[in-house]
1. Provide, as a two-decimal number, the C-alpha radius of gyration of segment 1-115 over 2.2 N^0.38 Å, N being how many residues it has.
2. Keeping every protein chain present and rolling a 1.4 Å probe, give me the accessible area per residue for segment 3-102 in Å².
3. If the reach is capped at under 19 angstrom between alpha carbons, list the aspartates and glutamates near residue 104, excluding any in the same chain fewer than eight residues apart.
4. Which pairs, out of 45/172; 18/183; 134/192; 172/192, put more than 30 Å between their alpha-carbon atoms?
5. What does the C-alpha gyration tensor say about the overall shape of segment 37-87? Classify as rounded when a/c is under 1.5, otherwise prolate if a/b is larger than b/c, or oblate.
Amino acid sequence: KYGNVAAKIASIENANFKFIYIIRHPFARITSHIGHLLAEGFQNKVEIIEEHLAYTEYARQLSFYKEIFGRDSIHILFLEDLQNNPQEQLTNICQFLEIDPNYKFTRINTIRNSKNTLNINPQLRNLYKNPIVKSLGNLVPPEIRQKFYGVASRKKPFSVELSKQDRELIMKRLQPDLIQLEKEYGINFSEKWNLSI
């Protein structure tokens with residue numbers, strides 16, 4: 001989103017930067033984004049706004065880094081692949097970073113963030129924003145936190161569903177960006193996300 005960030009990173013002397021950029025299916029990413037904004041009170045109904053679309057223009061965001069650091073400094077990781085086969089993806093990341101690809105990561109199947117966090121009672125969510133409460137919460141293992149989220153959730157959880165019109169709007173806006181991403185990074189979206197662009 002912020003083009004000057006890449007330039008600021010590049011201004012650091014004697015540093016060799018590599019970037020891991022995680023992308024997910026546009027509909028899933030935007031649905032999640034809307035859910036977070038609803039939960040935080042920054043959005044009061046399910047509707048597509050400019051922020052959702054801008055954050056999902058993956059090629060545009062990557063262009064700032066590609067221009068300064070080069071294509072070889074960027075590793076694109078699909079969230080779906082990370083969720084389905086974390087060990088394989090972590091091995092790929094190690095190879096990209098030129099570190100030991102045989103390193104054995106622990107707790108790779110631990111859920112650290114889930115949709116349960118969106119349904120936490122608003123009062124508890126506001127309490128968690130307190131720096132002291134947040135630092136204490138971070139001491140609790142993620143497995144325990146996930147169980148707590150279930151107990152502390154609203155009685156009637158909300159969900160976000162995109163309408164056919166929403167999906168059409170998203171695809172109309174993102175199609176040029178997806179075509180660019182497919183061309184520059186060799187991604188087959190028909191195969192990866194069952195998207196026809």
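1. So segment 1-115 has a normalised radius of gyration of 1.25.
2. I get 55 Å² per residue for this part.
3. Excluding near neighbours in sequence, the set is 81, 88.
4. 134/192, as the Cα separations exceed 30 Å there.
5. Oblate, because a/c is 1.5 or more while a/b does not exceed b/c.
The values are calculated or read from the model by the stated rules, or taken from the named source; none is laboratory data. Note that the structure is a prediction, hence the values are computed from the model and not measured. SASA here: full protein model, heavy atoms, side chains in, ligands and nucleic acids out. Shrake-Rupley method; radii C 1.70, N 1.55, O 1.52, S 1.80 Å.
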